[in-house]
Structure formats: C-alpha cells, structure tokens
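Asks: First the structure, which I've put down as structure tokens, then a few questions once you've had a look.
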Amino acid sequence: MGPAALTTDTTPAIVARATDGLGTASIIGAYARSVPSLTREEAAERADLLVVREYDIDLDVTGAADTTHFGSTVRIQFSCRRPGATTFVELKEATGVEAVLNGRRLDPASLVDNRLPLPGLAAENELVVRASMAYSNTGEGLHRFTDPGDGAVYLYGQSFLDDAQRIFACFDQADLKAPVTMAVSAPPGWEVAANGPATRTANGRWEFAPTPPIPPYLVSLLAGAYHVRADEHDGIPLRLFCRRSLAAHLDKDLQEIFDVTRACFDRYHEMFGVRYPFGKYDQAFVPEFNAGAMENAGLVTFRDEYVFRSSVTVAERQERAQVIAHEMAHMWFGNLVTMRWWDDLWLNESFAEYMGYRVVAEVTQFHGAWTEFAVGRKGWGYAADQRPSTHPVAPESVPDAGLALLNFDGISYAKGAAVLRQLAEWIGDEAFLAGLRHHFTRHAYGNATLDDLLTSLGTATSRDLRGWADAWLRRAEVNTLRPHVTRDADGRYASVTVEQTAPPAHPTLRPHRLGIGVYSGGSLRHRVLVDLDPAVDAGRTAVAELAGVEAGELLLVNDGDLAYAKIRLDEPDRAGLPRILPSIVDPLARALLWSSVLDSVRDAEVPVGELVALCAAALPAETELATFRDVVTATVRAVDQYCPPEAQAAARGALARAGLAAMVRAEPGSERQLAAARGYVACAGEDDASQLRGWLDDSSPPPGLRMDEELRWHVLLRLAALGHVDEAEIDAEYERDRSAQGAEHAATCRAARPDPAAKADVWRAIIEDGSLSNRIALALASGFWQPNQGELTRPYVSRYFEQMPGLAARRTPAVVFDVARTAFPAYSVEPETLAAAERLLSTPDVSPTLHRVVVDLADELRRALAARRLGAGHAAAG
Ligand SMILES: [Zn+2]
C-alpha cells in the first residue's frame, strides 16, 4: 500500500459540503461498531487447520433503488486437516445472512460481531454464504461514491487490511491464499473490473477468470461509469481507469503514465528473474481513497488526486511515478510471495518503497527520486522512529490485525527502504538481487517470513546477515553521526573522526557503510567510502583517508545518502551554511543539509530562527522542486509550533519573502514559479492578504502564473484562515469548481474561517456526524486548527480530549486514525495541553488507534515546548 501523500500541497482537501450531502446522503450513516480483530494466535491456529482451495464470489450491485447495500454470495471450497474441528469465517456489516456448510444450514444468529462459527468440519468442505452487505463511504470495503460534478456513481473495493470481509465472507488472513473467481451483476453501461481478466456475458453481467492464489486482502473490483484507456506491453494488457469527470486530465498524461509503467515492468523483469504473475495489469484512479494506492493483484487502485486536473510540478509527477513503481513492486513483494502475518509487513512495504524509489531513479525521467527521499520521506521515518510508539522495522510480534494498521508509518516505509538500501550496499547489489531471485523462486504463490528472506539472501553472501538483521531490523530508533575535525596550520585535515551515538533507551550502535564528502566552492572535492563498525571501534571511527587532505568549506557525513542516521555537521560548517548551502551544485547534498538542520531543530539543538534564516538565504536558490516543497512544509510547521506566538508573524514574513524571491527568480509560467508561488501562499500572513486577493480577483496575478482550480483553492484557504473570506465566497468558488476535490476544499475553507459559529458547526460535524465520508471528515478536521486562531479555538482543546474517545468507539479505523490525528490541537503548545493528553492516555480502555495518535502527538508537543524554551534562551542571550 502507498501511504497518503505527506505534503500539504498534495494532500487532497476534503468534502462534499457537509450540508448538501452530495456524495454522502445516499450512504448509510450508521456508525461502525468495533468488532474484534483477528489475533496472531487465531490466525496461526486456523492456518494450521485449513487449506483453502477456492473462492467463488458473486456480487450484485444492480440495485438502482438500493444505494446502501449490495448482494454478496460466496462459495468457499476448503480442506480441514482435523475433521470434526470447528473454526469460523468472517463477515462485517452484513444483514440477511444465509449460510450453508456442506449442505447443512447454519443458524444466522450464531454470527456474533464478525464471526460465523463453522462447526463439525469434514475433510473436504463447501461453504456458501449469501448476505446483503453495506456499501461504505469511508474507503473500507466496497466504497460507493457519487460524483458531485455529474452525478455518476463509482464503486471500488478496498479489502486491505481486514476489510475483504466487508465484501464477502472469507478466512481473512494473509497466509490462507486461494484462487479467486468473481462474477458481478451491474447496471447496464457500467464498466466493471476485478483481479482477473473479464468476459462480459449479458448486458451488465461480468465474469472474471480465476486468479493465481491470493490472500483476501488483495481482492478488489471496480464498477461504475469509469473512463477506460488500454494499451499493451511485453504481452501484458494494460488499462487505466478514472472517473468520467477526470477523463480529459487522464488522457493528457496517458503517455507519461504508460511509459513509467512499461519501464518499471522491464526493469523488474530484469532484476527479479520471475515474470509478472497476474496476467493483465489495470491501474485505476478512484475517489475518496484513504491511502496513496493499493496493490490489489492485477488491479491497482490509486487516490485520484494523482490524475492532475491543475498545474503540477515535477515533484508531483515524480511522486506519482514512484507510487506506480511502488505498487508494481508489490506484485512480487506481497502478492507473489506474501508475508505470513502482519509482523512482516515490512517484507511488503519496505521492499516496495525501496524498489519504487530505486527503479524510478534508474529507468524513468525522474532521476531525482532519491533526493526527494532524503528530505521529505526520510524525515517522516526519522520522526516516527523517535516517537514513543517507535517499533523495529520487523517487530517480533504484532498481536492482532487492528494493531497492524498502526504500523503503516515512516518506519515500515521510509526507514525500511533506507535500511534495504544500506543492505544492498553492504553485501553488494549482485548478491542482494541474487538473494531476492532465490526468495521469489522458492516461495512463489506462498508465504514467507523474515527468516525465509535471510535464508535466501544467505545463499548469495557470506556476510553475517543474522547479526545485521538483529541490529537493523529488530531494534528501534535512529542513531546520530557527528564528525569531529581538527585542521593543521596548512589548512589540511589533521584528523577526522565520526562519532556514532544512540539514544539511551535504545543503546544499539550499528554497522554503516557510507560516503564522506569534502565540499569547497560548491563542488565535491574529495569523497571516501567508509565502514563504521562499532564492534571494532566502539562508535568512534577514525577516517584515516582524510588525514592530510585539504580541508573544505564543508565536510558532509553520509554524502550520497546510503545511511539511515541523523547527520550533524562540524560546528564551523554549520555556522557557514547560509553561505555554503546555496552554492552546492549537487541537489542530493543540499537535501542532506536541509534534512540535518530540520531534525536538529526538531531535537531542540538548533533554534528555529536559525532554520528561518537559512531559508531566507538558501530557499530562493533551491532548484530541486521536491526539496523546495518539503522544506517549506516542514519549516512552516516548525514556525507554527516551535516559535512563540509573538514571533510567528515575523518568521512567517521572512519565509514569505523567501517565497517571493524564489518567484522572482523563476521563469514566468515555469514549474519553479508554481512551486515558489505555493510556498509563498503557504507562508503568507496578514501583510500578504491584499496581494493574494489580487491573485484571486485576477486583478494582479503574477505574470505567467496559471490561477487554476487547485491554486485558487490554495489561496482561498490561506485567506480564509486569515479571516478575509466569507461563506458566500466559498460557496461561489465551489459553484465554479463543482467537483469532488472542490467539495473537499470548500469544507476545509469553511473550517478554517475565524468565525465562532462556523467553528462550532464544523466541530459538531466532525464529532457527531457519522454520515460524513472519510474525506469530508478529514477536510473539516484539516481546516479547523489554525496557528493564528489560538484564542478562538481554545475551548476546543479540552473538547478534543473529552470527545475523541467517543468518536473512536463509533467510527471505523480509517476515519478514527485520520480524524484523531488531524483534529489534534497541535498548535496549542501549552503545558496544559500536554497534561490533558497525558490524562487521556492514562484512562483505561482508550482505543489502540486513538492511543497511538495521542501518545505520538503529545510527544510532538513536548518537543515544541522544548524548542520554544531553546528559542527563548537564544532571544534572551541575543
Ligand atoms: Zn505499499
């Protein structure tokens, strides 16, 4: 799965208007009851008992009058190793259940929560379950969406992580794989797709060929008024799907998307030695998707913000390419060879993430992928790895499927990928790929564990993989690498030592292979590759190769970004950064420097003012647009949380001027101009309001800048947060852009207005309105808190902690996770907020999802308080 986009620029805004109900009114508003999640022990027991032979699924989505339920019939053939035993099958949100096991009718009343007991199993069994299942509007199960632009209806299935049981009764675990045959009855005129290739039999009837063995979580389908485009590559039929209202935008990018798809297939075939195993390859862009994308076998689903309807920069196109490559890597990592249980989630995500970046950088036009990884993506990993909830890349045990959802974080993705990059470097790429080919051949169509992977890699290298895995995969947290440098009288390095330190709670020093670069005049003058081996040097590695080398303006540990570690600079180098950073030619080296300063600020080692000063000096010259975007996003957040309120306006002002300076340097109409304009808007304060108003009114837009839908909403949101927009103007903008995205943006703008009545309405909707779709709820939550509205929103700080447990009990996991995180009072950097969070955490029976969110965001508050103390200290000293 691909996580949701991380940057605010590309994170979709939400909502159909909460009041007009478009996209929501036809959906059942019932709150989901929380049901027990399958435990690791239960899964192991059931896998030991059963062999599933086949799923035969028949869905009926014709009900024109019934927009709340669909018909689901499944026939499951399975063997039982201990005849006479009892097990259970899962189904959620089902009514009118009829179940027949080996010709025997089961009592539907025996269905408790999501489990239907199957007593008295024979050696060979046939189970038929027929039920009326609920559509969802939260991106879980079979999602139903009505396009506010044209009223067209779209369905898509999201089975991950244990939501296949919302679509059909199944043994919902990763290591019970079976071929899946599907048939769908749909309204005439709809397009329908599923995992296997289709035959359209009668008008509205679709039959799909059986798949190779797959787990339930990879089963998906699409049905609706989808726009379809087809092509073919190397014998693989390729198709793309999107909503009709996005057709022109998809068609415009068809060539690019197919080119990336083709290039990735070729490279994976070359690397993996096993051909793509699922026949045809469909990629569908679907509405209101929770994640970035999902790797359903043969039918990948993507959030449809990846169909760009407004101008974008190379950063967004690179991200889309990376997600395409990521999902395709899953066809091998996860789909051909599947983890046995969720504790090996990293076998899916870390590999897909690593391969996604690697292959995009290697074989597409987007050679800068690893540079983006160095700032935004790894920053996400470092942050997650230092929170109270940190966990190893490969945890020893994940107790149940519900808890597995919480590990879709910067550790399973970014850290895992960085660690694999380090592994390939440490054992050599040929050995790495040979080990992977062995793994695919040995476990094809089956399941595997960390141990199996190490065994396969061990056939190709004599390195101590078990020791490596223990240090890197089984232990949490990130270490810090810091150079200690002495120079002689002639301006040469007398000595260079790299010190590795680990946090006290996780005192593991690790082996690293990394580059050290010496820069002068903006260019790399000298580079060495060194091994840090704490077993030999106890964490202080002397770099003998640099002794006597002419000292540079900058010594960069981890040059080339092979390592996963926080990097610090020698003190004189850091002091010179505002001068040195903009002069450096290599975008990856600049990315590492930005990353180093950002996490030094996060650690309260460097005051946020120093970061703002660096932005003022170096951002206007930053030509790598993903870096520009990620630095602006992280810095604005740092200012809003780490600067005391009285200093925020000045800091934002300095950032806004850097954004304007970057715009001045950019060609009119260029992507760089767009990136700079977005950065400026994100930082804009009261002094900028009239300028932004001129952009929006078309009276004084910057020459060449296209004020298209997304940029208009971006500006309107900023003006709304500053108090310069009324309801009527938001309504008018929505009339102008009556689309799914327009509806979400309108909701965010409404939530952002500093109007007490509007805030009260929005808060009530977030907490109480169970009919809101996942995206509308998220859109409202993402607009609600604004850093300049502290007094106005103060009463809601305590309400968050009082009311969120209730919401967590009523709504589904995806909604709880997004809303609890986004509606958290992150700008209320006060000891009282932290105390309220701690009280919530100490109450019994807090839902695990809410607990995870609050424990981590409380830690972010703790960091913000520390950063403010540091800033105050510097202000006093200065
Ligand atoms: Zn993934």
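The values are calculated or read from the model by the stated rules, or taken from the named source; none is laboratory data. Here the structure is a predicted model, which is why all the values come from computation and not from measurement. In this analysis, Cβ positions are derived from the backbone assuming ideal geometry, glycine residues included, and neighbour counts consider all displayed protein chains. Just the protein is used for accessible areas: all its heavy atoms, side chains included, with ligands, DNA and RNA removed. Shrake-Rupley method; radii C 1.70, N 1.55, O 1.52, S 1.80 Å.
Asks: Which pairs turn up if I take residues in region 442-471 that are without any contact (Cβ under 8 Å) to a residue 12 or more places away in the chain and look for partners that are surrounded by 14 or more Cβ atoms within 10 Å (Cβ to Cβ) with beta carbon separation below 7 Å, at least 6 apart in sequence or on another chain?
Replies: none
Asks: Another one. Test ARG33 against the criterion of being open to solvent by 60 Å² or more (accessible area, probe 1.4 Å), in a loop (DSSP other than H, G, I, E, B), among the charged types (D, E, K, R) and at pLDDT below 95, and give yes or no.
Replies: It is true that ARG33 is open to solvent by 60 Å² or more (accessible area, probe 1.4 Å), in a loop (DSSP other than H, G, I, E, B), among the charged types (D, E, K, R) and at pLDDT below 95.
Asks: Next question, about the same structure. Which of the residues belonging to region 842-856 are surrounded by fewer than 19 Cβ atoms within 10 Å (Cβ to Cβ) and assigned to a helix (DSSP H, G or I)?
Replies: Those that are surrounded by fewer than 19 Cβ atoms within 10 Å (Cβ to Cβ) and assigned to a helix (DSSP H, G or I): SER842, PRO848, VAL855.
Asks: When TYR827 is evaluated against the numbered criteria (1) open to solvent by less than 20 Å² (accessible area, probe 1.4 Å); (2) closer than 17 Å to PHE784 by Cβ; (3) touching a residue at least 60 places away in the same chain (Cβ under 8 Å); (4) not acidic (Asp, Glu), which criterion, by number, is the only one it fails?
Replies: Going through (1) open to solvent by less than 20 Å² (accessible area, probe 1.4 Å); (2) closer than 17 Å to PHE784 by Cβ; (3) touching a residue at least 60 places away in the same chain (Cβ under 8 Å); (4) not acidic (Asp, Glu) one by one, TYR827 breaks only (1).
Asks: Continuing with the same structure: Being farther than 15 Å from ALA152 by Cα and either among the charged types (D, E, K, R) or surrounded by 23 or more Cβ atoms within 10 Å (Cβ to Cβ) (or both) is the filter here; which residues of region 217-240 pass it?
Replies: TYR217, LEU218, VAL219, SER220, LEU221, ARG229, ASP231, GLU232, ASP234, ARG239, LEU240
Asks: Turning to a different aspect of this structure: Looking at region 107-156, which of its residues are open to solvent by less than 10 Å² (accessible area, probe 1.4 Å), part of a loop (DSSP other than H, G, I, E, B) and more than 26 Å from GLY402 (Cα to Cα)?
Replies: Answer for region 107-156, where residues must be open to solvent by less than 10 Å² (accessible area, probe 1.4 Å), part of a loop (DSSP other than H, G, I, E, B) and more than 26 Å from GLY402 (Cα to Cα): LEU121, ASP147.
Asks: Can you confirm whether ALA604 is closer than 15 Å to LEU870 by Cα and either open to solvent by 10 Å² or more (accessible area, probe 1.4 Å) or basic (Lys, Arg) (or both)?
Replies: yes
Asks: Could you list, in sequence order, all residues of region 656-707 that are surrounded by fewer than 21 Cβ atoms within 10 Å (Cβ to Cβ), in a loop (DSSP other than H, G, I, E, B) and touching a residue at least 24 places away in the same chain (Cβ under 8 Å)?
Replies: Listed by number, the residues that qualify are GLU667, PRO668, GLY669, SER670, GLY685, PRO702, PRO703, GLY704, LEU705, ARG706.
Asks: From GLY552, GLY517, GLY548, grab the single residue that is under 35 Å from the mean Cα position of the chain (by Cα) and either surrounded by fewer than 20 Cβ atoms within 10 Å (Cβ to Cβ) or not acidic (Asp, Glu) (or both).
Replies: Being under 35 Å from the mean Cα position of the chain (by Cα) and either surrounded by fewer than 20 Cβ atoms within 10 Å (Cβ to Cβ) or not acidic (Asp, Glu) (or both) holds for just one of GLY552, GLY517, GLY548, which is GLY517.
Asks: Also, I was wondering about something else. With the condition kept exactly as written, say whether any residue in region 493-513 is closer than 30 Å to ALA621 by Cβ and surrounded by fewer than 16 Cβ atoms within 10 Å (Cβ to Cβ).
Replies: Among the residues of region 493-513, not one is closer than 30 Å to ALA621 by Cβ and surrounded by fewer than 16 Cβ atoms within 10 Å (Cβ to Cβ), which makes the answer no.
Asks: Another one. Answer with yes or no whether ARG166 is crowded, with 24+ Cβ neighbours inside 10 Å, of a type in the set (Lys, Arg) and in contact (Cβ under 8 Å) with a residue 12 or more places away in the chain.
Replies: yes
Asks: Checking ALA417 against (1) away from the ligand (no atom under 16 Å from the Cβ); (2) under 30 Å from THR849 (Cβ atoms); (3) of a type outside the set (Val, Ile, Thr); (4) under 18 Å from the mean Cα position of the chain (by Cα), which single condition isn't satisfied?
Replies: Tallying (1) away from the ligand (no atom under 16 Å from the Cβ); (2) under 30 Å from THR849 (Cβ atoms); (3) of a type outside the set (Val, Ile, Thr); (4) under 18 Å from the mean Cα position of the chain (by Cα), ALA417 fails exactly one: (1).
Asks: When you go through ASP586, ASP561 one by one, which is the residue that is surrounded by fewer than 21 Cβ atoms within 10 Å (Cβ to Cβ) and over 19 Å from GLY871 (Cβ atoms)?
Replies: Only one candidate passes the filter, namely ASP586.
Asks: Separate question: Report, ordered by the first and then the second residue, all pairs with beta carbons closer than 9 Å, sequence separation of six or more or different chains, a first member in region 590-607 that is under 11 Å from LEU569 (Cβ atoms), and a second member that is surrounded by fewer than 21 Cβ atoms within 10 Å (Cβ to Cβ) and of a type in the set (Lys, Arg).
Replies: SER596/ARG574; VAL597/ARG574; SER600/ARG574; VAL606/ARG574
Asks: Which numbered condition in (1) open to solvent by 40 Å² or more (accessible area, probe 1.4 Å); (2) outside any strand (DSSP E or B); (3) farther than 16 Å from LYS177 by Cα; (4) modelled with pLDDT of 95 or more is the only one that ALA65 fails?
Replies: Single failed check for ALA65: (4).
Asks: Run down GLU710, GLU735 and say which single residue is part of a helix (DSSP H, G or I) and under 30 Å from VAL816 (Cβ atoms).
Replies: GLU710
Asks: Looking at ALA247 and the list (1) part of a strand (DSSP E or B); (2) small (Gly, Ala, Ser); (3) surrounded by fewer than 16 Cβ atoms within 10 Å (Cβ to Cβ), which single condition is not satisfied?
Replies: The one condition ALA247 does not meet is (1).
Asks: When region 396-414 is examined, which residues are found to be more than 16 Å from the ligand (Cβ to nearest atom) and open to solvent by 20 Å² or more (accessible area, probe 1.4 Å)?
Replies: Passing the criteria: GLU396, SER397, PRO399, ASP400, GLY402, LEU403.
Asks: Residue pairs, Cβ under 7 Å, 6 or more apart or interchain, first in region 516-529 and farther than 13 Å from VAL557 by Cα, second in a strand (DSSP E or B) and at pLDDT 95 or above. List them.
Replies: ARG525/VAL518; ARG525/TYR519
Asks: Do we have any residue at all in region 770-784 that's open to solvent by 10 Å² or more (accessible area, probe 1.4 Å) and closer than 27 Å to PRO645 by Cβ?
Replies: yes
Asks: I would also like to ask the following. Could you tell me whether region 52-64 includes any residue that is without any contact (Cβ under 8 Å) to a residue 24 or more places away in the chain and aliphatic (A, V, I, L, M)?
Replies: Looking for residues that are without any contact (Cβ under 8 Å) to a residue 24 or more places away in the chain and aliphatic (A, V, I, L, M), one finds none in region 52-64, hence no.
Asks: Residues ARG82, ARG46, ARG75: which one is within 19 Å of PRO213 (Cβ to Cβ) and open to solvent by 10 Å² or more (accessible area, probe 1.4 Å)?
Replies: The match here is ARG75.
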